[in-house]
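Worksheet for the structure shown next.
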Amino acid sequence: MLHRITKLAVFFLSGLGLGQPLFAAKTQANKTPVKKESKVTHKVYFDVQIGDETIIHTHVNITGNTKIGKKNEIYPFCSIGTPPQDLKYKGEKNSLIIGDNNKLREYVNINPGTEQGGSITKVGNHNLFMVYCHIAHDCMIDDNIVLANNVQVGGHVSINKNAIVGGSCAIHEFSRIGEFAMIGGMTGVLSDVIPYGLSLGNRNYLTGLNLIGLRRSGISNQDIKKIQSAYDIIFCDDTFRKNIENLGHELKENKYVNNIVKFINSDKKRPISVPMNNK
């Protein structure tokens, strides 16, 4: 069951300061656009929905057109659903959807979408966002993702399932992070990271595959060897898109290798992170 909370109720819940977890209370919905003080020039929409068994600690701000699923835990001083930090945003209706079983540690900030990105930001299930993480407008965050402390995710970024992003990383807008990829701490991500890739650096480059993550996920050694073989062929030089044609039939038929190929070919305008010796 989802409980709807008005702006007033959210303020009341977050301002009690009792030092105890607070469960969402059921109140009357307020779907009517509410104008703030005259100095604010756009409308603000309040329709907060919070699922069963979601724990909201004290001093949490939840606002906007925000839907939060079941069994999440949101720690003090998080700010969820406040307007996008985008100068193009003019107050159009937007939304933020957060799934189930997520943990948002202290000071996490997540913004809803903008008209240019479909007006929606989505977060999946079973994610851990550590202290001071920021997720900007129009991001698509999949399931089982870890964002370590102080990760800054720019607008329109997609992060696929089981990815891990190290502490203090900055991910540039429109970047794509493939499934099971791992980004080393303090990396500046300007180019897309392939599925299963291991990327790091002041301006990110590939250092190989996330072999530890692949083994932990239960992917067989045989499949890992095929992924490694495909990686060696694709990134043997700087013509990686053309090198895809050199993959043998057996490699192309492997579902994990196919994920890498699809990822690279799905958006040929985006730069792809490559090994440093290929740059």
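Assorted remarks:
- Among residues of the range 87-105 being among the aliphatic types (A, V, I, L, M) and over 17 Å from residue 130 (Cα atoms), the one that is surrounded by the most Cβ atoms within 10 Å (Cβ to Cβ) is 96.
- Condition check for residue 89: free of Cβ contacts under 8 Å to residues at least 60 places away in the same chain, more than 27 Å from residue 267 (Cα to Cα), among the hydroxyl-bearing types (Ser, Thr, Tyr) and in a loop (DSSP other than H, G, I, E, B): no
- Close pairs (9 angstrom Cβ cut-off, 6 or more residues apart or separate chains): modelled with pLDDT of 95 or more in the range 204-228, acidic (Asp, Glu) anywhere: 214/223; 226/250
- Selection status of residue 220, crowded, with 16+ Cβ neighbours inside 10 Å and either hydrophobic (A, V, I, L, M, F, W, C) or outside the structural domain of residue 148 (by TED's automatic domain parsing) (or both): no
- Selected residue [more than 18 Å from residue 240 (Cα to Cα) and either of a type outside the set (A, V, I, L, M) or out of contact with any Lys or Arg (no Cβ under 8 Å at 6 or more places or on another chain) (or both)] from 166, 197: 166
- Qualifying residue in the range 263-276 (condition: surrounded by 11 or more Cβ atoms within 10 Å (Cβ to Cβ), under 27 Å from the mean Cα position of the chain (by Cα) and of a type in the set (Asp, Glu)): yes
- Residue within the range 253-266 that is under 14 Å from residue 176 (Cβ atoms) and among the small types (Gly, Ala, Ser) present: yes
- Looking only at the range 62-81, residues that are in a loop (DSSP other than H, G, I, E, B) and in contact with a helix residue (DSSP H, G or I) (Cβ under 8 Å, 6 or more places away or on another chain) come to 1 in all.
- Odd one out for residue 241, checked against (1) outside any helix (DSSP H, G or I); (2) within 15 Å of residue 191 (Cα to Cα); (3) touching a residue at least 12 places away in the same chain (Cβ under 8 Å): (1)
- Extreme residue, nearest to residue 108 (Cα to Cα), among residues of the range 135-146 that are buried (at least 21 other Cβ atoms within 10 Å of the Cβ) and either in contact with a helix residue (DSSP H, G or I) (Cβ under 9 Å, 6 or more places away or on another chain) or touching a residue at least 24 places away in the same chain (Cβ under 8 Å) (or both): 135
- Filter pass, residue 173 being surrounded by fewer than 19 Cβ atoms within 10 Å (Cβ to Cβ), out of contact with any Lys or Arg (no Cβ under 6 Å at 6 or more places or on another chain) and at pLDDT below 95: no
- Unmet criterion (only one of (1) in a strand (DSSP E or B); (2) crowded, with 24+ Cβ neighbours inside 10 Å) for residue 112: (1)
The values are calculated or read from the model by the stated rules, or taken from the named source; none is laboratory data. All values reported here derive from a predicted model rather than from experimental measurement. Virtual Cβ from ideal backbone geometry, glycine too; neighbours counted across all protein chains shown.
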